[in-house]
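For reference, the structure discussed in these notes is given below.
Each value in this text was obtained by applying a stated rule to the coordinates, not by laboratory testing. Quick caveat, the model's predicted, so the values are computed rather than measured. Note that we place each Cβ from the backbone using ideal geometry, even for glycine, and neighbour counts take in every protein chain shown.
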Amino acid sequence: MENIKIKDYIINNFKDDNKNTLRNAINECVNEEDEETLPGMGVFLSLIWKGISDDTKKELIDSLYDELQKEKKLLSEK
């Protein structure tokens with residue numbers, strides 16, 4: 001069996017897809033909370049991260065931090 005890296009596998013699976021298909025894949029992962037698709041989201045984020053400005057990175061980190069604080073509050077209420 002060939003040893004394929006997860007990142008290469010995911011990129012190969014999506015490399016010819018259009019923007020709508022990419023959006024649908026992300027929405028499906030987020031909405032279904034399927035943990036098997038999380039590595040793909042990590043690959044997508046790493047690709048985005050390499051190509052964006054420091055200002056955009058700051059915005060993403062700020063958004064992530066805010067969402068984590070909301071999740072933290074929800075978890076503490078359970």
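For the condition out of contact with any Gly (no Cβ under 6 Å at 6 or more places or on another chain), charged (D, E, K, R), assigned to a helix (DSSP H, G or I) and surrounded by 11 or more Cβ atoms within 10 Å (Cβ to Cβ), Lys72 does not qualify. Does Val30 satisfy the condition of being in contact (Cβ under 8 Å) with a residue 24 or more places away in the chain and among the hydrophobic types (A, V, I, L, M, F, W, C)? No; evaluated as a whole, the condition is false for this residue.
Condition check for Asp16 on (1) loosely packed, with under 11 Cβ neighbours inside 10 Å; (2) charged (D, E, K, R); (3) part of a helix (DSSP H, G or I): one failure, at (3).
Taken over the stretch 29-46, the residue count meeting the criterion of being closer than 16 Å to Asn12 by Cα and in contact with a helix residue (DSSP H, G or I) (Cβ under 8 Å, 6 or more places away or on another chain) is 7. Reported count of residues in the stretch 19-37, each being more than 16 Å from Ile48 (Cα to Cα) and surrounded by 12 or more Cβ atoms within 10 Å (Cβ to Cβ), is 3.
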